[in-house]
């Protein structure tokens, strides 16, 4: 999995691409979020547009990222879910947990 | 891999999980599954292999995982066996329960059950056997027939 991040109006947008799976993407995602929190960056938007696959470990890592950020009084939202990822969050009932704004602009505005 | 039954003995490693997933994709494609059905089949096999490697054998390189793909009329069956301590499937918490929604783990078996038509567990003492059954429907059923 590849990760890059950028800042827009105080919000960190993390662009992820590839697979978030056991031992691969999961570790990268965990380290990325941990590093952001260590820097005090607590408004995080995960852009999943280029994420092609998530397994149960990857789902767990998204949940863990969400709870870690919330536990530090921050907020983490998801953006640009593919149909596959959307369906996965639906069947695991996590679509009710994560906020998934319609657009990047709306997401940044809601996190500012 | 064109046989109606093929079995692999794998090390308890992450590479084995990825490999089993690729074999599942190939087997599903040869059996006529397409698109969502193919991806769901492969994901269920991946999750079952994760269960065996991680929770069953706990990455112990002295223990192996056996994955068997079998094709019978109208049905694809995958058997995944580990050599771990075994577990009581009834004790696995419901990942959809509100109190479990934010837990990091515990969704693998739920996903397998969602994507397969039937899932059976057997205690091997030691080890666990998981049998995943996918019924082949529609256009795929015709292709599966041509394969046999």
* Asked: Given a Förster distance of 51 angstrom, what is the FRET efficiency for residue A:97 paired with residue B:125, based on the Cβ-Cβ distance and rounded to 0.05?
  -> 0.85
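Would you please give the FRET efficiency between residue A:104 and residue A:52, computed as 1/(1 + (r/R0)^6) with r the Cβ-Cβ distance and R0 = 30 Å, to the nearest 0.05? Mind showing how you got there, number by number?
Values: r = 20 Å, r/R0 = 0.66.
E between residue A:104 and residue A:52, to the nearest 0.05, is 0.95.
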* Asked: Over all residues in A:52-62, what is the mean tally of Cβ atoms on other chains that come within 10 Å of each residue's Cβ?
  -> 5
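Please give the peptides B:44-56, B:79-91 ranked by average Cβ packing (other Cβ atoms within 10 Å per residue), highest first, as a rough proxy for protection. Working shown, then result.
On the way: B:44-56: 26.0, B:79-91: 16.6.
Peptide ranking by packing, descending: B:44-56, B:79-91.
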* Which FRET efficiency value, to the nearest 0.05, is calculated for residue A:70 and residue B:36 with the Förster distance at 30 angstrom and r the Cβ-Cβ distance? -> 0.40
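Return the average number of partner chain Cβ atoms within 10 angstrom of each residue Cβ along peptide A:85-96.
Counting other chains' Cβ atoms within 10 Å and averaging over A:85-96 gives 3.
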* To do: Sort B:128-136, B:57-65 for me by packing, meaning the mean count of neighbouring Cβ atoms within 10 Å per residue, highest on top.
  => B:128-136, B:57-65
* Quote the relative contact order of region B:5-147 in percent (integer), defining contacts as alpha-carbon pairs under 8 Å separated by 6+ residues. => 28 percent
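For peptide B:96-109, what's the mean number of Cβ atoms from other chains within 10 Å of each residue's Cβ? Could the numbers behind the result be given before it?
Details: counts 4, 1, 2, 0, 1, 6, 7, 4, 11, 6, 2, 10, 6, 1.
What the average comes to for B:96-109 is 4.
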* Measuring from centroid to centroid over Cα atoms, what is the spacing of region B:1-43 and region A:1-56 in Å? -> 29 Å
* Asked: What number, in percent, do you get for the relative contact order of chain A if the mean sequence gap of Cα pairs under 8 Å and at least 6 apart is divided by its residue count?
  -> 27 percent
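Laboratory data are not the source of any read-out in this text; all were calculated from the coordinates shown. What you see is a predicted model; the values in this text were computed from it and never measured. For neighbour counting, all protein chains shown are included, and Cβ atoms are generated from backbone atoms with ideal geometry for every residue, glycine included.
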